[in-house]
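The values are calculated or read from the model by the stated rules, or taken from the named source; none is laboratory data. Note that the structure is a prediction, hence the values are computed from the model and not measured. Cβ coordinates were reconstructed from backbone atoms using ideal geometry, including for glycine residues, and neighbour counts include every protein chain displayed.
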Amino acid sequence: MDNFIFKSPTKIIFGRGTEELVGEEVKQYSKKILLHYGGGSIKRTGLYDKVVNSLKKAGVEFIELPGAQPNPRLSLVREGIKICRENGIDFILAVGGGSAIDSAKAIAVGVPYEGDVWDFYAGKAVPEKALPLGVILTLAATGSEASKSSVITNEDGWYKRGLNVDIIRPQFAIMNPELTFTLPPYQTSCGVADIMAHIMERYFTNTRNVELTDRLCEATLKTVIHNAPIVLKDPENYAARAEIMWAGTIAHNDLLSTGRIGDWSSHAIEHELSAIYDIAHGAGLAIVFPAWMKYVYKHDINRFVQFAVRVWDVDMNFENPEETALEGIKRLEDFFRSIGLPVRLSEINISDDRFEEMADKATNRGQKTVGQFVQLGREDIINIYNLAK
Ligand code: NZQ
Ligand code: ZN
């Protein structure tokens with residue numbers, strides 16, 4: 001186990017009816033806030049009215065910024081920064097999924113910064129200050145409600161880039177599993193794939209003696225695998241929605257990566273896909289992750305055997321461990337398929353004509369590698385896209 005510092009400061013307010021507490025919670029930080037949300041699902045579900053009433057009751061003034069779209073855009077972030085500056089706003093409340101939250105995080109670091117907020121995503125500057133933010137989560141997927149990440153798409157060149165700094169972890173996250181009842185099945189499944197990917201990025205490591213976090217990863221994966229088919233069949237099953245929602249936070253608040261170095265190349269390879277083709281991040285991961293596994297499993301067959309046996313209950317073939325490892329990868333792919341996700345690029349009509357461009361962007365034209373478990377260069381990434389065809 002490596003040395004580590006673990007800090008997960010987000011206050012989690014979990015359970016039925018918790019959205020009613022938002023006004024009182026926000027009031028502790030500010031009396032004038034930006035209310036940021038997506039394309040309107042919160043109005044259709046009635047959540048918007050509840051939030052507005054709770055804010056008004058607590059005497060919190062708010063200015064609204066709707067329109068955070070899946071794969072949130074830089075232009076809206078800039079608009080948010082302007083609104084906050086012009087109105088003296090010092091707190092942001094994001095209501096929605098990862099896109100609204102990530103967009104809020106970008107606004108939060110942009111407001112106190114004199115330069116262009118994209119500097120932080122392009123790796124040209126590191127933010128030192130951020131407005132505090134809070135979250136009401138409506139989609140179990142990204143873990144952004146407690147993560148130190150924000151992923152934004154710059155329309156100028158369609159670059160999708162992440163910022164990872166502790167100062168953007170939300171102050172609080174209100175998480176009522178009932179708020180996820182209204183998710184379309186495809187969106188639920190995309191969320192499941194993203195949660196699993198966050199765990200698997202951490203699981204495939206070269207760090208030795210990480211038994212506790214291995215087993216925490218396996219337990220979290222098994223919980224999601226068990227509950228996903230239940231919510232797809234019965235979308236209003238509170239117990240199963242609750243398991244998935246909490247798993248989504250645990251998967252990405254860094255507890256599962258304490259003392260170990262994760263991989264993260266599947267995310268880098270997927271982000272190029274969703275930047276260009278505007279697909280759901282979770283769907284992209286369902287395609288990329290199995291392909292990545294097929295490409296790298298020989299690097300550490302034992303770890304893939306452990307994954308197959310402990311997560312997918314594959315019977316160990318002692319004479320042919322490779323067969324066991326490959327069966328685990330197959331079960332993952334079968335699982336994604338069974339919950340209605342694509343597992344090949346062709347299933348979502350993506351051809352091979354931009355593989356080189358995406359590999360160039362992921363590696364800065366071959367000047368850097370991605371991933372830690374196995375460091376991948378430009379050609380490796382093209383090979384993985386080809387395996388995912
Ligand atoms: O925009 P609205 O109208 O709200 O609709 C959304 C959107 O169309 C809808 N939705 C959300 N909650 C709903 C609902 N529909 C019905 N009922 C509800 N309760 O779902 C659609 C997708 O929402 P979005 O926020 O885009 O999804 P997700 O949470 O999966 O976020 C994806 C973004 O987060 C990034 C992804 O790359 C992508 O840009 N990620 C962020 C991470 C982080 N900050 O830590 C880590 C991840 O690896 C990921 O990269
Ligand atoms: Zn993800």
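Here is how the numbers come out for the structure above:
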| read-out | value |
| --- | --- |
| Near pairs, Cβ below 8 angstrom, 6+ apart or cross-chain, from the stretch 243-263 (among the aromatic types (Phe, Trp, Tyr)) to any residue that is more than 16 Å from ligand 2 (Cβ to nearest atom) | 246/14; 246/175 |
| Residue in the stretch 339-374 that is surrounded by the fewest Cβ atoms within 10 Å (Cβ to Cβ), counting only those that are under 13 Å from residue 269 (Cα atoms) and among the acidic types (Asp, Glu) | 357 |
| Options 194, 214; residue that is buried (at least 17 other Cβ atoms within 10 Å of the Cβ), more than 12 Å from ligand 1 (Cβ to nearest atom) and not assigned by TED's automatic domain parsing to the domain that holds residue 15 | 214 |
| Close pairs from the stretch 280-304: first in the same structural domain as residue 338 (by TED's automatic domain parsing) and within 15 Å of residue 334 (Cα to Cα), partner outside any helix (DSSP H, G or I) and within 16 Å of ligand 1 (Cβ to nearest atom), Cβ under 7 Å, at least 6 apart | 283/341; 283/342; 286/341; 286/342; 287/342 |
| Those residues of the stretch 166-184 which are within 11 Å of ligand 1 (Cβ to nearest atom), in a helix (DSSP H, G or I) and not aliphatic (A, V, I, L, M), in sequence order | 177, 178, 180 |
| Sole exception among (1) assigned by TED's automatic domain parsing to the domain that holds residue 291; (2) surrounded by fewer than 24 Cβ atoms within 10 Å (Cβ to Cβ); (3) more than 30 Å from residue 46 (Cα to Cα); (4) away from ligand 1 (no atom under 15 Å from the Cβ) for residue 204, by number | (2) |
| Helices (runs of 4 or more DSSP H) contained entirely in the stretch 274-389, each with at least 1 residues that are at pLDDT 95 or above and farther than 29 Å from residue 161 by Cβ | 301-306, 321-338 |
| Condition check for residue 173: within 16 Å of ligand 2 (Cβ to nearest atom) and not β-branched (Val, Ile, Thr) | no |
| Positions within the stretch 151-165 being in a strand (DSSP E or B), more than 12 Å from ligand 2 (Cβ to nearest atom) and either in contact with a helix residue (DSSP H, G or I) (Cβ under 8 Å, 6 or more places away or on another chain) or more than 24 Å from residue 253 (Cβ to Cβ) (or both), in sequence order | 152, 153, 154, 159, 161, 163 |
| Test: residue in the stretch 261-273 that is away from ligand 1 (no atom under 14 Å from the Cβ) and buried (at least 17 other Cβ atoms within 10 Å of the Cβ) | no |
| Residues that are within 16 Å of ligand 2 (Cβ to nearest atom) and outside any helix (DSSP H, G or I), drawn from the stretch 258-273 | 262, 263, 264 |
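Each row is one residue, and each column tells you yes or no for (1) within 22 Å of the chain's Cα centre (by Cα); (2) more than 20 Å from residue 305 (Cα to Cα).
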| site | (1), (2) |
| --- | --- |
| 207 | no, no |
| 214 | yes, no |
| 223 | yes, no |
| 229 | yes, yes |
